[in-house]
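**Q** Mind having a look at this structure? Questions to follow.
The values are calculated or read from the model by the stated rules, or taken from the named source; none is laboratory data. If you're wondering where the values come from, they're calculated on a predicted model, not measured in any experiment. Cβ coordinates were reconstructed from backbone atoms using ideal geometry, including for glycine residues, and neighbour counts include every protein chain displayed.
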Amino acid sequence: AAPPGPPIYVDLAYLPGSWSARTVDEEFFRRVRSLCYVVSGDDHLKEGVLRSLLDALLTGKHQWGTDIQVTLIPTFDSLVMHEWYQETHDRQQELGITVLGSNSTVAMQDETFPACKVEF
């Protein structure tokens, strides 16, 4: 458990992937307050903890007590993400959380991949 302390405010936070994703809980979101959270790491380990991570965002953000808008940026497509989005959409709106989806692609050299632009 982390010692009590004031929250940390940042513009952009990458949420850890693989086994480290298990360390992201509601206390993390209560303490690390970001305008944008990037959920990356399209792997089977992340899929296993993705729902609890997303639910922790809702619970942690509820404790902020302010009207700070938050953008969640997934970098991969996931059935778990789609289900969570549908099941908690009203709660996301209440808390000022926007899930960013993008059909944009970027082509570099011989490769194309999904992308989105984030501006501050």
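**Q** Contact list please: Cβ distance under 7 Å, first residue in segment 79-91 and basic (Lys, Arg), second residue assigned to a helix (DSSP H, G or I), pairs at least six apart or on different chains.
**A** Arg91/Leu58
**Q** Right, next: Which number in (1) at pLDDT 80 or above; (2) of a type in the set (A, V, I, L, M, F, W, C); (3) part of a helix (DSSP H, G or I) marks the one condition that Trp19 misses?
**A** (1)
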